[in-house]
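Take a look at the structure set out below.
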Amino acid sequence: MYTDLLGKKRMKLNLHTHTNRSDGHRTPEEAAAIYREAGYDLIALTDHWVLSKEEEISGLRTIAGCEYNIGGNDTKNGVFHIVGLGLEKEPAISPEADAQTVIDQINEAGGIAVLAHPAWSLNSVEQVKPLRGLAATEIFNTVSGLFQSDRAYSGTIVDLLANTGVILPLIAADDTHYYEGEQTVSSIMLDVTDGKTETKDILQKIKNGDFYATQGPEIHIAKEGDAIKLCCSPVQKISFFSDDSWHPARIIRGDNLTEAIHKPKDFSAWIRAEVTDQDGKMAFSNIIRLT
């Protein structure tokens, strides 16, 4: 458990983790021990087509999870990897299912559905926009930047979706497979100031966006009047992203930056922020709707 700059209590979570139950290179016990020693409070074991159960492993709490990958490898035809979290039963999903069916069945099984690594999968706005029932999407997927396509960051797709009115909470996750540098890099910091930490509460907080995504730095943004106020741990770059094409104060650079005030354009419908520290580690806010 961690107390943030605002005095809120937060849990550190990795919601995308693989083990040798599918194509991961460590046992569940080894994976859990690695994340426990790195200060994580909870992880989800999300092996491909193998639903894990909620339990404590190697002294670390885990929640039920599974990754359902459909569409093969040809991204032109639509490749979707959808992570189910907190499922209460095995969903009725086959490898031939379409993305909407996967999402529907995850929700029907009592879980929430997260769109994994849309940049890695080259998911287009046209493919994602019609989907209903997603709880969140990954903005950063660590393993996708190390061993596969070098498309770890999905911010551009997130922004294009926001421009069409599709605004989802933004998760950073490791998608750990190899345990060769991608483990314990990314997380979400979930607000548990209210003391509610049961799985149903965690799932609802994810859906509500009661967290920030990070590789280390802390980030908080809020709308105050006609401005966006940001505070963070010391960083070297603060960036704002919105639906305007150009803004003279979009990026702020300097040493030990800890705050910024940004005034969106009058027509802006949404805004989010990112920060980068001196080691290149990033944090990502969720999106604020402005209209």
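The values are calculated or read from the model by the stated rules, or taken from the named source; none is laboratory data. The shown structure was predicted, so the numbers you read here are calculated from the model rather than taken from an experiment. Neighbour counts are summed over all protein chains in view; Cβ atoms, including those assigned to glycine, are modelled from backbone coordinates with ideal geometry. Keep in mind that these areas ignore ligands, DNA and RNA; they rest on the heavy atoms of the full protein, side chains included. Shrake-Rupley method; radii C 1.70, N 1.55, O 1.52, S 1.80 Å.
Numbers below:
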read-out	value
Estimated dipole of segment 35-147 in Debye, rounded to 20 [Cβ of Lys and Arg +1, of Asp and Glu -1, Cα centre]	240 debye
Residue-averaged [θ]222 nm for the chain, counting only DSSP H segments that reach four residues, each worth -39500 (n - 2.57)	-4000 deg cm²/dmol
Percent carbon-and-sulfur accessible area, segment 50-116, ignoring ligands, DNA and RNA, probe 1.4 Å	43 percent
Per-q log10 I(q)/I(0), segment 136-185, q = 0.13, 0.19, 0.31 Å⁻¹ (Debye; single scatterer per alpha-carbon; no solvent)	-0.33, -0.61, -1.10
Solvent-accessible area of E30 with every protein chain in place, 1.4 Å probe, in Å² to the nearest 10	80 Å²
Computed over the chain: relative contact order in percent, which uses C-alpha pairs under 8 Å that are six or more apart	14 percent
For the chain: Kirkwood Rh in Å [reciprocal of mean 1/r, alpha carbons]	19.2 Å
When each of K76/K129; K229/K265; K12/K53; K12/K207; K205/K281 is checked by Cα-Cα distance, pairs over 21 Å	K205/K281
About the Cα centre, charge dipole magnitude for the chain (Lys/Arg +1, Asp/Glu -1 at Cβ), debye	760 debye
Percent antiparallel among DSSP beta bridges (both partners in segment 125-256, rounded to 5)	80 percent
Solvent-accessible area per residue for the chain (1.4 angstrom probe, square angstrom)	43 Å²
Nearest-20 debye value, segment 37-85 charge dipole, Cβ charges on Lys, Arg, Asp, Glu	220 debye
